[in-house]
Each structure stands twice: as C-alpha cells, then as structure tokens.
Amino acid sequence: MSDALESAFGSEPIGLKTNAVRWLQKQVMTQSARLPRSFARREDWEAFRDRMRRDLPDAVGIPVFPPLRGSLVRARVQVSADVQCERVDVYVDEDYAIPAFVFAPKEPADRPRPALVWNPGWPEDKWKGAYQAFAVRMARQGFVVLIPDHAPFGETSSLDNKTATAMTLVMGMGHVLGISQLALRSAETRRCGEYLRARGDVDEKRVAVAGLCQGGMDTWMSAPLDEGFCAAAPLCSASTFAIHMFEMASYMANGDASPFPFGILKVCDVEHLHAAIAPRPLLVRANLPDQWWPVSGFARIEALTRQVYRLYGAEDRVDFRAEVHEHNLTGPFADALEQFLLKWV
C-alpha cells in the first residue's frame, strides 16, 4: 500500500471506508451513546421520562386524531354458545376508521368488564386464527378483546400486495407528511384503547394493551405515552434500535423499514420506552428463534426496566423471559398472557 493510501485508510481494508452501512452504524453508535441508561433517583428518571413523552411524538411523527365519535358496528356474529364478535369501524375522522373485531361474552354484563387491545404483527390482521382463538379464550374469562387492522394490512388498504406496494404507499406518504409508520400504528392503538374505554360494557380503568412482533412494538410505543392502558404485554418484540444496527447489519438485513421510526434515537431507545410503562404491570417475552430481535437488546431492555421499576418499589410487576417456540400467540406466550391479564387486569 502506498504512503498516500495508508495515510488515508490506515490499517482497515479499503472497502470499509466506502461502506455507507458501516458509516451509518457508527452514527447510530454515537447517537445511542448519548442516551442516559442509569438513573439513581426516581426524580432523575421522571425528568427524562417527561421529556421523552413531550418530544417523542414530534420526533417520530405520531399523528393527532380528532376527538372520538361514534363508531360503526357493521355486524354482530355469535361465535359460540357464550361468545359474540362485533365487526366495528373504530372512528378516527370523517375519512378513516380502523377496521376491528371485538370479542366479548354473549351474556349482557352486570358490571363493566376488563378489556384488551391486541395488536397483530407484520403483516397480520384481525383474521389470524390464533388471535381470534385467544380473544375467544379471554372472552370466556369475562374480557372484551379488540383486534384491529393496522395500516396497511387487512381492510386498511385495497391493494393486493400489502407488504410491498401498500406499505410503500403508506410509508412514502407518511414520510412526506412527517408520520413514521410505527408512529401511525401507535396512534391507531391508542385510539382503539380510547374506543374500548368509551364502551358501556368496559371498565375504563381496566384496559390493557398487548401484541406480538410489530404488534409488540405498537404496544411499547403506545403504553409509555398513554397511561389509560393499565398494563402492557409486548411479545416477541424486545430488542433495541441500537442493537439492531450494531448486530443485524452484520448477518441479516430486515426486508422492511417500517419498524424504524425516523429520529427516535434523538429522544430515546426501546429500553426507555419499556421503562416508561412503570409502575404499571409489564409482561415481556422474547422468542429465541426470532433472529430479527437480537437477544443482546433484550438484556439491555430488561436491565434498565428493572432498574426503573425498583425506583417505584414495583419490580414484582415486571416479568421478563425468553422462550423457544413458534412465532405466534400460542403455547407459552398465550398461557403467560392469559395469566398476566387475569392477575393484573
């Protein structure tokens, strides 16, 4: 190597100096290192949390919906002898409503019921059988369970190719308006919670939120900002944005950019969002076969979250664990979520 080249590139292979991904990784590492991850006092944590709640909606582009109005119930269907399903258009504004299924006990309520917003993952919707089966299971336990379609999936777009064409349109139009796709899903989740709290058969103080994969991301993007959710359970979605960029670019690239809201690392990372649910009950499950959620990020989330919950004397309300299972709301994930809801909601 010539002196000029050695001076310009040092001891690293030349190709690394022309690699835009490597350059961006370093920017992520620098930005991530600026975020605080240790809070000795509850006052210090709450000052950070309050700034995060103030700044995050503008940073990632969470849209502000107009006040909730009446939502159209298209149909009521008896699912079994003891459960019914409503097909509901949850009001957003005069041009948009969130398509949803709402499962509830068939018998009229003698008192307001607990409720759950269940967020499907990417590219899932309210028609997934495992989610409907879990909703029926919880309805038999006295819950009202709402499963929405999140844009661009299910009935929220008319295009055949939801994961490419529809996603590109939703993200592209959102970006020119300053609305990240995950931010839009977060707003939809919060509106669904608002709808449940307004129902006469629901106890407004006992509405929880949960989801799997990108639905888990909806959960930890909405519950920290909306204390109307009394408990939260993000499943199969626990890694940090920083760890994604540190590790995943080395062995796997996500096929879709929707999980990554622009500008979020200027405000917080995923561990701060989990911690901001404190002191409300929190169930977190990782799935080891899901290589797209690096487990080193899971460890960082658990460390900060437990630290913050201890500041509230509420570490008994936190439940972190990894499983080896299919990527679905079945088996240990369904069992853990049911037990969590029955205990805390």
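The values are calculated or read from the model by the stated rules, or taken from the named source; none is laboratory data. Since this is a predicted model, take the numbers as computed values, not measurements. Cβ: placed from backbone, ideal geometry, glycine included. Neighbour counts: every protein chain shown.
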Requested in this report: Quick one: which residue in V88, V176 is farther than 24 Å from W293 by Cβ and surrounded by 13 or more Cβ atoms within 10 Å (Cβ to Cβ)?
Outcome: V88
Report task. Determine if the range 106-118 includes at least one residue that is of a type in the set (D, E) and closer than 28 Å to E227 by Cβ. Result -> yes
Query raised in the report: Does T305 satisfy the criteria of being of a type in the set (V, I, T), more than 27 Å from R54 (Cβ to Cβ), in contact with a helix residue (DSSP H, G or I) (Cβ under 8 Å, 6 or more places away or on another chain) and modelled with pLDDT of 95 or more?
Result: no
Requested in this report: Answer with yes or no whether L282 is surrounded by fewer than 23 Cβ atoms within 10 Å (Cβ to Cβ), aliphatic (A, V, I, L, M) and at pLDDT 95 or above.
Outcome: no
**Report entry** Selection status of L159, at pLDDT below 95 and surrounded by fewer than 18 Cβ atoms within 10 Å (Cβ to Cβ)
**Finding:** yes
Query raised in the report: When you scan the range 253-300, how many residues do you find that are closer than 30 Å to G172 by Cα and not aromatic (F, W, Y)?
Result: 25
**Report entry** From the options A104, A40, residue that is surrounded by fewer than 13 Cβ atoms within 10 Å (Cβ to Cβ) and either of a type in the set (G, A, S) or under 18 Å from G200 (Cβ atoms) (or both)
**Finding:** A40
Requested in this report: Within the range 108-131, work out how many residues are under 21 Å from the mean Cα position of the chain (by Cα) and either part of a strand (DSSP E or B) or within 20 Å of Q339 (Cβ to Cβ) (or both).
Outcome: 8
Query - Only listed residue being out of contact with any Pro (no Cβ under 7 Å at 6 or more places or on another chain) and closer than 29 Å to D290 by Cβ, chosen from A100, A104, A133 - result: A133
**Report entry** Criterion (part of a loop (DSSP other than H, G, I, E, B) and under 28 Å from L146 (Cβ atoms)) met by exactly one of P57, P36, P67
**Finding:** P67
Query raised in the report: Any chance the range 199-211 includes a residue that's in contact with a strand residue (DSSP E or B) (Cβ under 6 Å, 6 or more places away or on another chain), within 19 Å of F260 (Cβ to Cβ) and not in a helix (DSSP H, G or I)?
Result: yes
Query raised in the report: Can you find even one residue in the range 317-329 that is crowded, with 21+ Cβ neighbours inside 10 Å, closer than 20 Å to G121 by Cα, touching a residue at least 12 places away in the same chain (Cβ under 8 Å) and not small (G, A, S)?
Result: yes
Requested in this report: Could you list, in sequence order, all residues of the range 165-186 that are free of Cβ contacts under 8 Å to residues at least 60 places away in the same chain and touching a Ser or Thr at 6+ places or on another chain (Cβ under 6 Å)?
Outcome: A166
Report summary line: When the range 287-305 is checked residue by residue, the ones that are assigned to a helix (DSSP H, G or I) and surrounded by fewer than 16 Cβ atoms within 10 Å (Cβ to Cβ) are S296, A303
Report summary line: The correct count of residues that are in contact with a Leu (Cβ under 9 Å, 6 or more places away or on another chain) and not charged (D, E, K, R) in the range 202-255 is 29
